[in-house]
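Here is the structure we will look at.
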Amino acid sequence: MRHGCKINKLSRTQAHRAAMLSNMAASLILHKRIETTLAKARALRTYVEPLITKSKTDSTHQRRIVFSYLQNKEAVTELFREVSPKVATRNGGYTRILKVGRRLGDGAEMAMMELVDYNENLLKEAKPAKAKSTRRGRTKKSEETAVNSSEVQAEEIPVVEEVSNTEEDKISE
């Protein structure tokens, strides 16, 4: 049972796990998208999102902290120059995990992990949705309003003014 166990060990020693997550985080930052197993992607999310938050303040101290995790100068430079200005207004949720399917060899569940602000397909303006069409014939709204307005004009209702009892009493006096 894994009650209260917050770290997924991924069947690796601590040193192997740290090296793997460091390499995966550097690849994610450099390439903006990686494909891996779902368990590794979920572990990587908890590893890389605090680093992106640290990159919002560009100081020597923050750069050294991030470098101690990534161990890759190019990834640190890319993170502070390219990624941090794009996510400056975002309060978290810098990554997205999309399930891809199962791997052929062992059936492991695969996922694509990407930085949210770098997906051009989702960032393009959404095309306006067409009105739903149905298979059954029905009149369009513009035709309905024209039919209803012509019926109202044909049936003119005489307007009768009603006078309350108190007004009648005032008039008779």
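The values are calculated or read from the model by the stated rules, or taken from the named source; none is laboratory data. Source: prediction; values computed, not measured. No Cβ is skipped: glycine too gets one built from the backbone with ideal geometry, and neighbour counts run over all protein chains shown.
Every listed requirement among (1) at pLDDT below 95; (2) outside any loop (DSSP other than H, G, I, E, B) is met by N8 save one, (2). The set of residues in the range 63-103 being among the aliphatic types (A, V, I, L, M), assigned to a helix (DSSP H, G or I) and more than 26 Å from H16 (Cβ to Cβ) consists of V83 alone.
Taking the numbered list (1) modelled with pLDDT of 95 or more; (2) under 26 Å from A41 (Cβ atoms); (3) exposed (fewer than 14 other Cβ atoms within 10 Å of the Cβ) in turn, H61 passes all entries but (2). Quick check on my filter: what residues within the range 100-124 are of a type in the set (D, E, K, R), at pLDDT 95 or above and surrounded by 10 or more Cβ atoms within 10 Å (Cβ to Cβ)? Selection gives R102, R103, E109, E114.
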